[in-house]
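The values are calculated or read from the model by the stated rules, or taken from the named source; none is laboratory data. Treat the numbers as computed from the prediction; the structure is a model and nothing was measured. So basically every Cβ, Gly included, is an ideal-geometry build from the backbone, and we count neighbours across all protein chains shown. Surface areas here come from the heavy atoms of the whole protein model, side chains and all, with no ligands, DNA or RNA. Shrake-Rupley method; radii C 1.70, N 1.55, O 1.52, S 1.80 Å.
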Amino acid sequence: MEAVTENIKNAVHAGKYLTFVLSDEEYGIEILKVREIIGLMDITTVPQTPDYMKGVINLRGKVIPVIDLRLKFSMQEEEHTQATCTIVVEVGNTLIGIIVDSVSEVSDIGSEEIRETPNLGQGIDTNYIMGMGKLKEKLIILLDIDKVLSEGELEMVEEIAAN
Amino acid sequence: MSNLNTEVQNTDTANDELTLDIKEDSEIFLEFLSEVLDHLDESESNILSIEDEVCDYEKINAIFRSIHSIKGSAGFLGLINMQRLSHELEALLDKARKGEITITQEIINISLNAIDALRKLRDNLSIKVDRELGNISDTEVSTQEQPINIQEFIDRITSILNGDTKPKEMVTESHNTGSVNVLSGHELQENTKQNPEIDNMEPSGDFWSDKLSEQSEKMFLGEILIDEGTITQEQLDKAIDEGNKKIGEILIEDGATTPEKIEKALNEQKPIGQILAEKGDISEPQLDNALKQQEKKVGEILVEKGIATPDKIDSALKTQQAQRSMKLQSRTVKVDTGKLDNLFDLVGELVIANTLICGEMKSVNNNSASKNLSQLTKITKDIQDQVMSMRMVTLKQTFQKMSRLVRDVSQHSGKNVKFHITGEETELDKNVIEEIADPLVHILRNSVDHGIESEEDRLAKGKPKEGSVTLSAFHRGGNIIIEIKDDGKGLQKERILKKAVDKGLVSKQTSMTDNQIYNLIFAPGLSTADKVTNISGRGVGMDVVRKNIEKLRGKVDVTSQEGVGSTFTIKLPLTLAIIDGIVVNVGDTKYIIPTVSIEESLQPKREEISTVKNQGEVVNIRGNLLSLVRLHKLYDINTTKTVPWESIVVVVEGADGKYGVLVDELLGQQQVVIKSLGDRFKNVKGISGSAILGDGKVGLILDVTGVKEAFVGHN
């Protein structure tokens, strides 16, 4: 736990991760970043935003943006099902919802179970992957959620500027 | 801790050695930061008022106390630089309040500079704390700590302290602060601790015991009488001697306590009343009663001795009462704005839930239930109003900052300017207050630097040599008006017009009213300055001022008369948090158009719509041709209503004039609480924010100027 709070950049931390499924891959986010998990809500679309930016929702009186992680990772968009969840994470000082196929569990991943991200070749951005965790026989992609979402911001600014 | 002072003075390049960990004791640091800021603001305004008016010892005392508190707390936290500087400033103030040195312009300047430096030190700490708590990242350039050389200030103060500035006639006037306090009875401890020696004081104690000594800030009866010239200091001292021990006696006479307890309490060197009340020996009312009797005694003694007449005592007592009640009124609780915002959001949800239930109950038709519901609605509304009003703050601090600014600018430009402030108690939403300071700074700088003429010019024109700038605030019709008025040379109509024509802002033929011409100064690229001075005219023009004010949904206007002066009028909404809006829908999406931007809405006839080059559309409204923005096309929304004469055209007015917006339907008028969409959507054109609508969904607020811009870009 100590290591998680230390917040050393680029270092892979052992600790508790919330795992979730996207397509047939399993991902993990540091549990400390997660505020809550909610079902699907009415989303208000905001115009002139990239397609992964689904819009905004009313989270008990707060208006927060929602991102479809499938679209963010350039995967095929899927019909939302009963299992579809919005994970509310805290990035910087703001809350952001991310839509995932389903949430699996909270798992402890020890440092000995974490491997560095292998180089996947050119064109595949692994910048926001902190590492790969091994849990039982599954491989879990550990996301640096700050990077995933702040990058999104940059892209959006660029996209708007390009218009 | 007590040897810190000596240690501090010996080290030249002292670095802060924090005694506490910022992360672990973040609350102490945050409280310290906010307290220091309050102390500094208060001291600054007190110093400025000393400069303006006759030297008031109560004010110097207040400054001394503030600086002393800062020193104590800084010492406790190990902020050596802050402690050193406040120590020196405190030493200077101590001499001033004892009348050992005369308050000169130099002392006022160095005090203000020292306060600026303390403020910088505080800001640096604030950045450090923010960084430590992870509120800002290390890379943010805008929040770098600024280096401050406090030695420079310390040297200047030391040279004043060592100088042969002998006390002048002020000495005779000066009175002993300790003895005045004694009168209250609250402050018996001051009796034995007159003129507290700075160096003997424990710096650490003050941080928390501050609150206890607040009472001493009241003005006491004796002091008022001296101020009014009714009695002299000696007479007062004598009267005190006779009246002094009365509080114990009164209490014993009343049977409230025993002599032993009084004795013990006196030994403890705390305000006697306080100790007795704390121990539960006497009740608060008993204490108050006794204090009242004691106060009367002082007055009585004075009357008996023929020193003062009963009327004078009465009026002095009234003054005292008024001052006390003023202090009571300003008693406030500090609340973290985050908590307030949360409360805000929750109340908003409560209102929505209430609306939803009311809607459901309408179909049920139950008399008593609907009666109860309307009661609930009323209470909810009241809660909402109250919560809204909690964000309101007075303009006092902002205006005080302005007086410092005017002072600095006028000194810099060598002009003699008298600055008046009225309506500083006017309340505005906290967010508005934060944003309004910049435009005010700009306008005031301009008024002093460009508006007010030099002394010779003024005399030549037959004006008083002292220029005057007035800053006032007041309510008018649901808005707050802030007015900046100067009696300077006024705006030069011809020059502005010529410049505007040169810049191609207006054509030569356009006929304009005087006011329209004056308001051209808010156009980009039009500076009225003859020359660029080091104070103003550096390219940041009045257009920025107008932009900032419009961001606050306000308006700015200028009127002027050449040779007589100019008046800037800023009109602001009371709060930024709520707007009146019309809810419209396009397909499934709901938008809110602010009512202030709407001119009218109508269903156009087929013949009123025409296309230009088969692309652009215009709508003819009573002869006026307005371009038509199809919201569904612009924002790519699916809707079945694509034929203008089956939909609604809302005529809105943006910064670039009027145009029509095509929407499906009008859903009704609603007051909505504005929620920011956050940084992620700041580049979305045409959307200024969002609001939660009656059904719990989020609606987007249209910014009509932005919609037009997006539309023009879109085409």
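What the table below lists for this structure:
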| read-out | value |
| --- | --- |
| Loop-located GluC sites (Glu not before Pro) in segment B:406-449 whose Cβ has at most 16 other Cβ within 10 Å (DSSP) | B:425 |
| Accessible surface ranking that places the most exposed of B:126, B:647 first, with a 1.4 angstrom probe | B:126, B:647 |
| Trypsin sites (Lys or Arg not before Pro) within segment B:441-479, DSSP loop, no more than 15 other Cβ atoms inside 10 Å | B:461, B:465 |
| Distance cut-off 22 Å, percentage of C-alpha pairs in segment A:15-162 lying past it | 39 |
| Segment B:543-564 versus segment B:648-694: alpha-carbon centroid distance in Å | 24 |
| Size descriptor, Kirkwood hydrodynamic radius, that averages inverse alpha-carbon separations across segment B:593-682, Å | 14.4 |
| With all protein chains modelled, accessible area of residue B:24 [1.4 Å, Å²] | 150 |
| Simple spin-label estimate for residue B:362 and residue B:508 in nanometres, 7 Å along Cα-Cβ | 6.4 |
| Cβ crowding within 10 Å averaged over residues, with B:72-79, A:64-71 ranked highest first | B:72-79, A:64-71 |
| Protein-only accessible surface order, largest first, of B:345, B:314 at 1.4 Å | B:314, B:345 |
| Sparse-neighbourhood loop sites, trypsin sites (Lys or Arg not before Pro) in segment B:553-614 - DSSP loop, at most 15 other Cβ within 10 angstrom | B:605, B:613 |
| Averaged over B:697-706, number of beta-carbon atoms from partner chains that fall within 10 Å | 3 |
| Heavy atoms of residue B:355 accessible to a 1.4 Å probe, total area in Å² rounded to 10 | 80 |
| Per-residue HN-Hα couplings for segment B:619-625 [Karplus 6.51, -1.76, 1.60; θ = phi - 60°; Hz; x = Gly/Pro] | 10, 9, 10, 6, x, 8, 8 |
| Amide H partners (placed H, <5 Å) of residue B:667, local residues excluded | B:583, B:584, B:585 |
| Efficiency of FRET between residue B:600 and residue A:51 - r from beta-carbon atoms, R0 35 angstrom, step 0.05 | 0.45 |
| Accessible-area order (highest first, 1.4 angstrom probe) of the listed residues B:641, B:415, B:378 | B:378, B:641, B:415 |
| Per-residue mean of C-beta atoms belonging to partner chains within 10 Å, peptide B:680-689 | 6 |
| Residue-wise HN-Hα coupling along segment A:132-141, computed from phi with Karplus coefficients 6.51, -1.76, 1.60 (Hz; x: Gly, Pro) | 10, x, 10, 10, 6, 9, 8, 9, 10, 8 |
